[in-house]
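A short worksheet on the structure shown next.
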Ligand code: 6GU
């Protein structure tokens, strides 16, 4: 999968070189390209923001650098397979994910959907956001998805993109060594929409706290039943909305 990220803080994405996502990049399963939005400015100060029409606090990201950045991404997609025949039929528009606290809530099913895409682009806004016309224009060329991580405010889209790239990247075949570990997780379909049960390892007693007896029994049926019960209890307590 190819992932393009446009940001004014490329350094935010250094952690993608670590751990399983870093390994996937090194192995060529993930092709992550981070672009500095300021490369598409033309003034001496490399300006990306301006004051809001209508007044109010804060600054707004100017449309021109974003327009040139998105043009460059679209050009890059066309050139992706040099010498290859052009794809048949109506080409599916590439996905452009725009992180914003006013977006649709990101969840595991979105991660699964995005993980099936050949290319993903992320547009990281800062300040009070990007001039609205950028998203309007982009919608003619991309499948634009405005997405929020939750009901709290970050200073920009970068941290949200790190989270989304990890959630999406780990679903790509071969990125996680043991695909079984994806199956029982919280929020995956196989977990029936419940939160995950608690887990334990050795020693059997630690600081006076014993591992639940049933987990030492070797009785797979009783272990599965106990885990299911704990999942339901934890979900009822922390996320009753998931039980519907
Ligand atoms: Cl995607 N962006 C920003 N700036 N803040 C957020 C968010 C995204 N999701 C939750 N808060």
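Where a number appears in this text, it was derived from the coordinates with a stated rule and is not lab data. Keep in mind it's a predicted model, so treat the numbers as computed, not measured. Note: ideal-geometry Cβ built from the backbone for every residue, glycine included; neighbour counts use all protein chains shown.
The C-alpha atoms of the chain define a longest principal axis, and helix 158-169 lies at about 60 degrees to it.
Rounded to the nearest 0.05, the FRET efficiency derived from the C-beta distance between residue 59 and residue 220 at R0 = 51 Å is 0.30.
Can you figure out the FRET efficiency of residue 68 with residue 88, using R₀ = 45 Å and their beta-carbon distance, to the nearest 0.05? After rounding to 0.05, the efficiency reads 0.90. Which percent, to the nearest 5, of DSSP beta bridges fully inside the chain are antiparallel? Of the beta bridges lying entirely in the chain, close to 15 percent run antiparallel.
Assuming 0.36 nm per residue, please report the length gained on full extension of the stretch residue 192 to residue 239 beyond their Cα-Cα distance. Between residue 192 and residue 239, full extension yields an extra 15.6 nm.
Using the Cβ-Cβ distance between residue 207 and residue 152 with R0 set to 41 Å, the FRET efficiency works out to roughly 0.75. Computed from Cα positions, the angle between helix 63-78 and the longest principal axis of the chain comes to roughly 70 degrees. Compute the long axis of helix 220-238 from its Cα atoms, compare it with the longest principal axis of the Cα atoms of the chain, and write down the angle in degrees, 0 to 90, nearest 10. Compared with the principal axis, the helix lies near 50 degrees. Scoring 29-40, 201-212 by mean Cβ neighbours within 10 Å over their residues and listing the highest first yields 29-40, 201-212.
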